[in-house]
1. Out of (1) closer than 18 Å to Asp6 by Cα; (2) surrounded by 18 or more Cβ atoms within 10 Å (Cβ to Cβ), the odd one out for Tyr30 is which?
2. Scan segment 127-137 and tell me whether some residue there is within 29 Å of Glu91 (Cα to Cα), assigned to a helix (DSSP H, G or I), of a type in the set (Phe, Trp, Tyr) and over 18 Å from the mean Cα position of the chain (by Cα).
3. Could you list, in sequence order, all residues of segment 38-72 that are out of contact with any Cys (no Cβ under 8 Å at 6 or more places or on another chain) and among the hydrophobic types (A, V, I, L, M, F, W, C)?
4. Of all residues being assigned to a loop (DSSP other than H, G, I, E, B) and among the polar types (S, T, N, Q) in segment 33-46, which is surrounded by the fewest Cβ atoms within 10 Å (Cβ to Cβ)? Just the residue, please.
5. Taking Leu17, is it within 20 Å of Ile173 (Cα to Cα) and of a type outside the set (S, T, N, Q)?
6. Can you name the number of the only condition in (1) closer than 24 Å to Leu78 by Cβ; (2) among the charged types (D, E, K, R); (3) surrounded by 20 or more Cβ atoms within 10 Å (Cβ to Cβ) that Lys154 fails?
7. Check Leu2, Leu25 and return the single one that is hydrophobic (A, V, I, L, M, F, W, C), closer than 28 Å to Asn174 by Cβ and either touching a helix residue (DSSP H, G or I) at 6+ places or on another chain (Cβ under 8 Å) or surrounded by 17 or more Cβ atoms within 10 Å (Cβ to Cβ) (or both).
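The values are calculated or read from the model by the stated rules, or taken from the named source; none is laboratory data. Model, not experiment: these values are computed from the prediction. Cβ sites come from the backbone with ideal geometry, for glycine too, and all protein chains shown count toward neighbours.
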Amino acid sequence: MLELVDVSYKTNEKEILSDVSMKFLPGYKYAVIGTNGAGKSTIGYVIMGLSSYKPYKGKILLNGKDITDLPVTDRAKLGITLMWQEPARFEGMTIENYLTLGGKLSVQKSEVAEAMEFVGLNPNLYLKRFVDKTLSGGERKRVELASIILLKPKYAILDEPDSGIDLMSLSIINDVVNYIAQYGGTPIIITHREEMAYNTDYGYLICAGKVLMHGKTEDVLNSFRNTCETCAHPNIPEINELRK
């Protein structure tokens, strides 16, 4: 189980998260819901352990062990991964090398091909292409989803996974989310769109950096629909942190 216990975070003396407590159980699908600027993406960065997102108060626990001070690389080894809202580009790196971590990931070529097909990309046409500006935003999102399929993380944080994609890709995202839960992993979808949250079991509603309510996703969405207003929270990710 992944757990946040009274986590608070601030930047430039401005409180971004205040006493946030959450629990994420294996095999369940979660949504972290809130308007733009509510602080929900910051929760993802805090869980992932980005260097500039260390809470000044509270703890992050993984199976009862305190991982609050662990760096990104160590958390990744423990099975936590983050899919960025804006996927990274890597000039000179093929999609095949990206998906296999330069050959370090122990997977068969057939598994790589199956992951590509799962997200609607023809492996014969894409594996030798580069992860660069020649790929559209939607294509890069699909490549990121394929990488999650191959990594099989225990906890997959998907930050606004539907940003900049088409309707067909929405269906693929839901398929990947279901796949993660089926093998016993925990997908955590960070979103401000109701249609992305519908496929989850449990939701947390974030407003002004606080957990306004939590419960069955349907109930949380009803509250989101009826009570939330636009928040004004700085929320600037450090994308280079995971490129190291």
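1. (1)
2. Of all residues in segment 127-137, those within 29 Å of Glu91 (Cα to Cα) come to 127-137.
Checking the rest, the ones that are also assigned to a helix (DSSP H, G or I) come to 137.
Still in the list and also of a type in the set (Phe, Trp, Tyr): none.
So far as segment 127-137 goes, no, none of its residues is within 29 Å of Glu91 (Cα to Cα), assigned to a helix (DSSP H, G or I), of a type in the set (Phe, Trp, Tyr) and over 18 Å from the mean Cα position of the chain (by Cα).
3. The initial filter retains those residues of segment 38-72 that are out of contact with any Cys (no Cβ under 8 Å at 6 or more places or on another chain), namely 40-72.
Selection gives Ile43, Val46, Ile47, Met48, Leu50, Ile60, Leu61, Leu62, Ile67, Leu70, Val72.
4. Residues of segment 33-46 assigned to a loop (DSSP other than H, G, I, E, B): 34-39.
Okay, now just the ones that are also among the polar types (S, T, N, Q), so 35-36.
Working: Thr35: 18, Asn36: 13.
Among residues in segment 33-46 that are assigned to a loop (DSSP other than H, G, I, E, B) and among the polar types (S, T, N, Q), the one surrounded by the fewest Cβ atoms within 10 Å (Cβ to Cβ) is Asn36.
5. Working: within 20 Å of Ile173 (Cα to Cα): no; of a type outside the set (S, T, N, Q): yes.
Here the answer is no, as Leu17 does not meet what is asked.
6. Looking at each condition in turn, Lys154 falls short on (3).
7. Details: Leu25 fails: either touching a helix residue (DSSP H, G or I) at 6+ places or on another chain (Cβ under 8 Å) or surrounded by 17 or more Cβ atoms within 10 Å (Cβ to Cβ) (or both).
Going through Leu2, Leu25 in turn, just one is hydrophobic (A, V, I, L, M, F, W, C), closer than 28 Å to Asn174 by Cβ and either touching a helix residue (DSSP H, G or I) at 6+ places or on another chain (Cβ under 8 Å) or surrounded by 17 or more Cβ atoms within 10 Å (Cβ to Cβ) (or both): Leu2.
Conditions tested, residue by residue: (1) out of contact with any Pro (no Cβ under 9 Å at 6 or more places or on another chain); (2) outside any strand (DSSP E or B); (3) among the hydroxyl-bearing types (Ser, Thr, Tyr); (4) within 19 Å of Thr227 (Cβ to Cβ).
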{"residue": "Pro161", "(1), (2), (3), (4)": "yes, yes, no, no"}
{"residue": "Ser171", "(1), (2), (3), (4)": "yes, yes, yes, no"}
{"residue": "Asp175", "(1), (2), (3), (4)": "yes, yes, no, no"}
{"residue": "Ile180", "(1), (2), (3), (4)": "no, yes, no, no"}
{"residue": "Gly184", "(1), (2), (3), (4)": "no, yes, no, no"}
{"residue": "Ile188", "(1), (2), (3), (4)": "yes, no, no, no"}
